[in-house]
Amino acid sequence: MGIVIPLEDKEKKSAGLDNLLSLIGPDLQRVNQLILQRTGSDVTTIPEVANHLISAGGKRLRPMLVLATAGMCGYEGDGHIKFAAGIEFMHTATLLHDDVVDESDMRRGKIAARMLWGNETCVLVGDFLLGHAFKMMVEPGVLSCLSVVSQAAAVIAEGEILQLNAAKDTQTTEDAYMAVIRSKTAELFAAAAEVGPMLTGRSKADEAACRSYGMNLGIAFQLIDDALDYGGQSSKLGKNVGDDFREGKITLPVVLAFRRGSETEREFWRRTLEKGEINDGDVEAACALMKKHDAIKDTVDRASHYGAIARDALEIFPASPWKSALLEVVDFCVERAY
């Protein structure tokens, strides 16, 4: 059997976002309405594919960061609505592209769109969403924010290629893997958090603090996802347990277990991840090796470390319900592993 990382029940799991949701509720509803409006197209396949993924839910963490940091910084306009929706479009596009690259069968607990419409269609719908994302984010007329988000799009693409290059490479170092997740995952969190103070015209120090919060939150979030892939539940993960292993992904738990293992154990990882020769029981064997070498525990500990950095980044802001809610988001992201 695999390692089981106990997950909170649904009610407790959502508790870490309750205060934030109470603050941004009306704005988040406007974001959701805008998302649905902008997925419309005369080409009927486009809204079908987009809504298949969007309607599956997801936590909307990235648009929530736009709304929350804008609220914390006292923003009173409506540009944050379009940036929040645009960033969610960007995220959705990357998910469509990811599933094609990774040949994934599930996404957010549903059959992956590529399994229903094919890889070519999903790539093109992802491109459609990216185009509309930037169209929305041009409308508020804040070029500094647009610059940050467009730079994030380029960095995310670089991260995707870094991950592709590292796939099935058991020689990947922890530093190399951290570079992947900083680019591929954390960069969009960072951009989302930075947009809030930029829209408000706050100081460079405030912008940098929010960016640091988002970046480190994103790293923590991804590290917990890495750990949960080997010990969560399919219904809560939105994918099959062990998918990263089956797809030959080199994540931090693998890096740690490989480095700390014997030569015989390293040969196991080479056979399964590099050569793709996966037999019955290999997922359980991989989990056992991770438990033996504390690979999952140490991955969670590293996530907690980055979560602490995210919390500290907000200390320059005065106490407020917004700040408290953003600190609770860190707890939510990290404590998913317990």
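Please identify every one of the GluC sites (Glu not before Pro) in region 238-338 that sits in a loop by DSSP and has no more than 11 other beta carbons within 10 Å of its own beta carbon.
Of the GluC sites (Glu not before Pro), the ones in loops of region 238-338 whose Cβ has at most 11 other Cβ atoms within 10 Å are Glu277.
Using only C-alpha atoms and all pairs of different ones, pull out the Kirkwood radius for region 184-338 in Å with one decimal.
This gives a value of 16.9 Å.
Taking the alpha-carbon centroid of each part, what is the distance from region 136-195 to region 297-333 in angstrom?
20 Å
Positive end of the dipole of the chain, charges at C-beta (+1 Lys, Arg; -1 Asp, Glu), about the Cα centre: which of Ser22, Phe245, Thr172 has its Cα farthest in that direction?
My answer, from the dipole projection, is Ser22.
Let me know the shape class of region 50-193, please: from the alpha-carbon gyration tensor, a ≥ b ≥ c as square roots of the eigenvalues, rounded when a/c is under 1.5, otherwise prolate if a/b is greater than b/c, or oblate.
Oblate, since a/c reaches 1.5 and b/c is not below a/b.
Along the charge dipole of the chain, Cβ charges K/R +1 and D/E -1, which of Val138, Ala153, Ala50 sits furthest on the positive end?
Farthest towards the positive end: Val138.
How much area per residue is accessible in the chain when the probe is 1.4 Å and only protein heavy atoms are counted (Å²)?
42 Å²
Give me the one-decimal nm value for the distance between modelled label points at Phe134 and Ala176, 7 Å along each residue's Cα-to-Cβ direction.
Distance between the two pseudo-spin positions: 3.1 nm.
Using Cα atoms only, what is the angle between the long axis of helix 79-102 and the major principal axis of the chain, expressed in degrees (0 to 90) to the nearest 10?
For helix 79-102, the angle is close to 20 degrees.
Note down the relative contact order for the chain as a percent, whole number, built from C-alpha pairs under 8 angstrom at least six residues apart.
Taking the mean separation of contacting Cα pairs over the length of the chain, I get 24 percent.
Would you work out what percent of the accessible area of the chain, with all protein chains in place, is carbon or sulfur (probe 1.4 Å)?
53 percent
Angle between the Cα long axis of helix 282-292 and the longest principal axis of the chain, 0 to 90 degrees, nearest 10?
Relative to the chain, helix 282-292 is tipped by roughly 80 degrees.
Run down the aspartates and glutamates and flag those whose C-alpha is under 12 Å from the C-alpha of Lys323, throwing out any fewer than 8 positions away in its chain.
Straight-distance partners of Lys323: Asp312, Glu315.
In the chain, with Lys and Arg counted as +1 and Asp and Glu as -1 at Cβ, which of these residues, Leu129, Leu326, Gly77, has the Cα nearest the positive end of the dipole, that is, farthest along it?
Going by the Cα projections, it comes out as Gly77.
In debye, nearest 20, what is the charge dipole magnitude of region 268-313 about its Cα centre with +1 on Lys and Arg Cβ and -1 on Asp and Glu Cβ, if you could check?
Dipole size: approximately 120 debye.
Evaluate the charge dipole of the chain about its Cα centre and quote only its size in Debye, nearest 20, assuming +1 on the Cβ of each Lys and Arg and -1 on the Cβ of each Asp and Glu.
400 debye
Is the shape of region 21-117 best called rounded, prolate or oblate, per the rule: a/c under 1.5 gives rounded, else a/b larger than b/c gives prolate, else oblate, with a ≥ b ≥ c the square roots of the Cα gyration tensor eigenvalues?
Because a/c hits 1.5 or more and a/b exceeds b/c, region 21-117 counts as prolate.
Scattering from the C-alpha atoms of the chain alone, worked out with Debye: what is log10 I(q)/I(0) at q = 0.11, 0.16 1/Å?
Scattering profile of the chain, log10 relative to I(0): -0.70, -1.44.
With angles folded into 0 to 90 degrees, how steeply does helix 10-38 sit against the dominant principal axis of the chain? Use alpha carbons for both and round to 10.
Tilt relative to the chain: about 60 degrees.
With the crude spin-label approximation of a point 7 Å out along Cα→Cβ, what separation in nm comes out for Ser203 versus Gln33?
3.7 nm
Note down the magnitude of the dipole of region 234-314 about its Cα centre, charges +1 on Lys and Arg C-beta and -1 on Asp and Glu C-beta and zero elsewhere, to the nearest 20 debye.
200 debye
For an R0 of 35 angstrom, estimate the FRET efficiency from the Cβ-Cβ distance between Val43 and Ser150 and round to the nearest 0.05.
0.90
How big is the Kirkwood radius of region 102-183, worked out from every pair of different alpha carbons and given in Å to one decimal?
15.2 Å
Counting only the backbone N, which residues of region 30-70 are under 15 Å from the spot 7 Å out from the Cα of Leu116 toward its beta-carbon?
Backbone N within reach: 44-58.
If each DSSP helix of 4+ residues adds -39,500 (n - 2.57) and the sum is divided by the residues in the chain, what number results at 222 nm, nearest 500 deg cm²/dmol?
Mean residue ellipticity, 222 nm, calculated: -23000 deg cm²/dmol.
The values are calculated or read from the model by the stated rules, or taken from the named source; none is laboratory data. Everything quoted here is computed from the prediction, not taken from an experiment. Note that we place each Cβ from the backbone using ideal geometry, even for glycine, and neighbour counts take in every protein chain shown. Calculation scope for accessible area: heavy atoms of the full protein, side chains included, ligands and nucleic acids excluded. Shrake-Rupley method; radii C 1.70, N 1.55, O 1.52, S 1.80 Å.
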